[in-house]
Amino acid sequence: MNGPSSSTPKGDSKPRNRTPRSRKRAAVLYSLSLLLLAAVLILDFGLLYNQSITPHIRPERLLRLAYLLMLGGILIMGAQALLIFKGVLANLDQDKRKADELSEKVAQLTVIDDLTKAFNRFKFDSVMARELENIRRYKSILSGIMFDIDGFRAINEKHGYNAGDAVLAQLVRYVNKRIRKTDYLFRWRGGKFIILTPHADREKATEAAEKLRKLIASAQFSGAITLTVSLSVTQAKGTDTMESFLQRLQTGLTCAKNKGHDKICTR
């Protein structure tokens, strides 16, 4: 997965809502059925009334015609019921789609950082727990990269907090385009982020971190702001807990900062 934006479907395979034209057509058909039903009832009443005041007229043909009209009325009412039923089903389907869309949005809000749109720490906990289990059970490989913007506080003080927020959001979009689709990008806190790289050992993760370090240093954000980042790389072990894994990443990041920024340390 290449960050949150990759989870958004490019195409919309869901059925479309009922169009205004189809709703208008249904309303016209229902109105016509009401008129027809009213006409049938009037004719039927007229026949029965005529028979009651003129009993000398042969009743068989009038009664037969009355029964036919009643049958026609029943059929019209059946058609009305069908129209109503289809409308109810369409509304239920539309309500279900809206509920599904709302549920999806709520689910995204719980795992995505509101400012940067990277995954948040809650999502990190679930992904990390799953990947550690895969390491223990299936001997799979997982590495992590932690990086922190060098001098991020100075950026906020010089350019303002709005510019700092814009830098963070732009940096996430920039990094998401340059990591694998199977990688996860999380915002940890402030200007600090973590990338989890399934199926990549420490050597490959270090190569990816070095490439990312150079790319970020050569880019410009929020106008003409340039950045450098310090990075830490480690590979998860079968004996790791989430805390021990994070501790190695943090230790490596402190090492990179102590080297003078824009550096990488592995652990």
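Quick one: which of Ala256, Ala208, Ala169 is touching a residue at least 40 places away in the same chain (Cβ under 8 Å), assigned by TED's automatic domain parsing to the domain that holds Lys139, among the small types (Gly, Ala, Ser) and in contact with a strand residue (DSSP E or B) (Cβ under 8 Å, 6 or more places away or on another chain)? Give the derivation first.
Working: Ala256 fails: touching a residue at least 40 places away in the same chain (Cβ under 8 Å); Ala169 fails: in contact with a strand residue (DSSP E or B) (Cβ under 8 Å, 6 or more places away or on another chain).
None of the others qualify; the one that does is Ala208.
Just wondering, is there one or more residues in region 191-203 that are among the charged types (D, E, K, R), surrounded by fewer than 16 Cβ atoms within 10 Å (Cβ to Cβ), out of contact with any strand residue (DSSP E or B) (no Cβ under 9 Å at 6 or more places or on another chain) and assigned to a loop (DSSP other than H, G, I, E, B)?
The answer is no, given that none of the residues of region 191-203 is among the charged types (D, E, K, R), surrounded by fewer than 16 Cβ atoms within 10 Å (Cβ to Cβ), out of contact with any strand residue (DSSP E or B) (no Cβ under 9 Å at 6 or more places or on another chain) and assigned to a loop (DSSP other than H, G, I, E, B).
For region 181-190, indicate whether the set of residues that are under 29 Å from Thr251 (Cβ atoms), more than 23 Å from the chain's Cα centre (by Cα) and part of a helix (DSSP H, G or I) is non-empty.
no
In region 233-267, what count of residues is obtained for those that are within 31 Å of the chain's Cα centre (by Cα), outside any loop (DSSP other than H, G, I, E, B) and not β-branched (Val, Ile, Thr)?
Result for region 233-267: 6.
Name every residue in region 129-159 that is closer than 30 Å to Gly223 by Cβ and loosely packed, with under 15 Cβ neighbours inside 10 Å, in order of residue number.
So in region 129-159, the residues closer than 30 Å to Gly223 by Cβ come out as 145-159.
Answer for region 129-159, where residues must be closer than 30 Å to Gly223 by Cβ and loosely packed, with under 15 Cβ neighbours inside 10 Å: Gly151, Arg153, Ala154, Glu157, Lys158.
The values are calculated or read from the model by the stated rules, or taken from the named source; none is laboratory data. Note that the coordinates shown come from a computational prediction; the quantities given were computed from them, not determined experimentally. So basically every Cβ, Gly included, is an ideal-geometry build from the backbone, and we count neighbours across all protein chains shown.
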